[in-house]
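The values are calculated or read from the model by the stated rules, or taken from the named source; none is laboratory data. This is a predicted model, so every value here is computed, not measured. Positions of Cβ are backbone-derived with ideal geometry, glycine not excepted, and every protein chain shown enters the neighbour counts.
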Amino acid sequence: MTSWWRKIKVGVIACCPAAVLTACGIFTPTALQSQARATITINPHQHGPTLTRIALGMNVAEWDSHLYSPTVVSRLQDLGVGVLRWPGGSYADVWDWETNPKALAQFGELVDRLHIQGIVTVNYGTGTAQQAAAEVHFANILHHYGIEYWEIGNEQYGAGAYPGAWEANDLANKGPRAYAHRVVQFVRSMRKVDPYIKIGVDATIPGIWPSGFFQRWDRTMLPIVAPYINFIAVHWYPENPGQENNAALLTDPARIPKYMARLRQYLAPYVHRIKIFTEETNNVSSSPDNQTISLVNALFLVEDYNGWLEQGAQNVSWWDLHNSPNSASPLKGPGLTIKGYGDYGILSAGSTGEPALNTPFAPYYGYLLMHRFVTPGAKYVTATSNQAALVVYAVRWPNREIHVMVINSSPTRTYQVTVIGLRSLTGKMGTFYEYSLQHPTLQTAQRSWTNTLTVAPYSITVVDAE
């Protein structure tokens, strides 16, 4: 569920092999940490999905007064963000763009300046197809921003079709069939203006609310809209407030392959034409606490992004860039910043009790490491670990470089890792990045590749093997 008032965050990451970590002072195991051996196997010749230019996304909002500052523009460039989703979750279904066209112009100029793409969510809940078409005309015909992706409404399954409603919708019929038929009207009106835009709709993740109700959202809506759309947009917040648990959060991404398989079933026979976007994601569905701004959420971020992208999602967009603090009793434990608030943003909004404006929270560093790990055109290759606590991903870049990411979800155990499958890289120089429990700032070192790694507790390690 997205509320326009609700989100921001914090993060921590780790990387580097044993020799480099100790030699550079990046990580030295302590006596209090247990150690174990592990094996990672990589097959660089067995390819999976190819990453698109919009793979790394970020949600931004019309109500973010800091969005267009030079500092924020620089941060977005540093993160390698490929697409910005706007105007801000549920706010899209109450915002009338015609009352403030300058805001749409500012957003169009931002994505143009960054040379990236935009996803604009048009107002379905309190708007009309004619207003949406006029918005496309303003952005792409009058101002030539070339915004390619347009989504019709935000989380309209949460507008009253099922018990519980948070999304604005002033229509009498709010069910999936009514949404689908009205979407077709929106699509026709918008494509009369610009036939080249790509249009998406709100979908749910199988097995998650409102799954199980008699009139199922996806199964009812998708057969009607499938001939007209280009993508579906799902949102994923695996935890509910009051039930946050670090260990559970870091195993939740293991469910993503099942979700993607079910979504593809629902999209048949259009599965090769209709893409899947994970347009909103963070750790908890509402009322964020200190877990959201802590290292553990940085670990979740990289598992989350890799989980969806490795399964073929075209885009994953974090919620969100700036938000505001939510007062909450702090959770306690390793990898948690002990603060009496949570924040969905990856950058501080500078609110009372928060760090200075635009100070990165921990998930920022997780996102930064995703940018170090992947690039448009890279392909996932097969990578496995023999230890449940170690999650590993590998990609082959277009220049043939192999990049490896290892996430250690154990808060106490250091792993001495042997890497199998990259023997041809032995002796070649590589760049090692680390973000960890012991080193909550990004560490970087260069050294020759030796097919061994020391992976710190609660850490993200990225190796760019040249």
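Structure above, values below:
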| item | result |
| --- | --- |
| Checking Asn173 against (1) part of a loop (DSSP other than H, G, I, E, B); (2) under 27 Å from the mean Cα position of the chain (by Cα); (3) farther than 19 Å from Ile208 by Cβ, the condition it does not meet | (2) |
| Index of the failed condition, Gly242 passing every other in (1) at negative phi; (2) part of a loop (DSSP other than H, G, I, E, B) | (1) |
| Any pair with Cβ under 7 angstrom, 6 or more apart, that starts in the range 138-149 at a residue that is assigned to a helix (DSSP H, G or I) and ends at one that is surrounded by fewer than 18 Cβ atoms within 10 Å (Cβ to Cβ) and of a type in the set (A, V, I, L, M, F, W, C) | Ile141/Val193 |
| Hits in the range 444-466 (condition: among the polar types (S, T, N, Q) and closer than 20 Å to Ser34 by Cβ) | Thr452, Thr454, Ser459, Thr461 |
| Residues that are assigned to a loop (DSSP other than H, G, I, E, B) and charged (D, E, K, R), drawn from the range 192-211 | Asp194 |
| Count of the range 260-300 residues which are of a type outside the set (D, E, K, R), at pLDDT 95 or above and in contact with a helix residue (DSSP H, G or I) (Cβ under 7 Å, 6 or more places away or on another chain) | 16 |
| Residue within the range 404-412 that is assigned to a strand (DSSP E or B) and of a type in the set (Ser, Thr, Tyr) present | no |
| Odd one out for Gly127 among (1) surrounded by fewer than 15 Cβ atoms within 10 Å (Cβ to Cβ); (2) more than 23 Å from the chain's Cα centre (by Cα) | (1) |
| Top-ranked residue in the range 336-363 [being aliphatic (A, V, I, L, M) and at pLDDT 95 or above; ranked as nearest to Asn246 (Cα to Cα)] | Ala362 |
| Inter-residue pairs, beta-carbon under 6 Å, first under 16 Å from Trp63 (Cβ atoms) and in the range 96-112, second modelled with pLDDT of 95 or more and of a type in the set (Asp, Glu), 6+ apart | Trp97/Glu135; Ala103/Glu62 |
